[in-house]
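The values are calculated or read from the model by the stated rules, or taken from the named source; none is laboratory data. Please read all numbers here as calculations on a predicted model, not as lab measurements. Methodologically, a virtual Cβ is constructed for each residue, glycine included, from the backbone with ideal geometry; neighbour enumeration extends over all protein chains shown.
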Amino acid sequence: MTTPPSPDPPDAGRPSREELDRQVRDRYGTWRDQPRGLACAVVAAFMILTTAAFVFAVVAVVMAMR
């Protein structure tokens with residue numbers, strides 16, 4: 001035995017796609033608004049390690065020339 005179809009559409013009571021998009025934008029903003037702390041930490045670590053390696057290489061070359 002099957003149940004008769006509901007008079008309400010299946011998505012009755014659910015917000016529209018536009019409403020959901022607005023709620024997400026209000027809550028999270030866009031990807032440009034997200035914090036960039038991890039990316040900054042990765043770039044800073046790369047710069048520090050690269051600088052340290054360069055200094056070490058220069059010191060090694062100077063010590064080898066003595």
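A few comments on the model shown:
- Within region 38-53, residues that are in contact (Cβ under 8 Å) with a residue 60 or more places away in the chain reach no partner that is of a type in the set (A, V, I, L, M) and exposed (fewer than 10 other Cβ atoms within 10 Å of the Cβ) with beta carbons closer than 9 Å at six or more positions or on different chains.
- Pairs, first in a loop (DSSP other than H, G, I, E, B) in region 1-27, second modelled with pLDDT of 75 or more, C-beta under 8 Å, six or more apart: P15/Q23
- Subset tally (residues that are over 23 Å from the mean Cα position of the chain (by Cα) and modelled with pLDDT under 75) for region 1-47: 12
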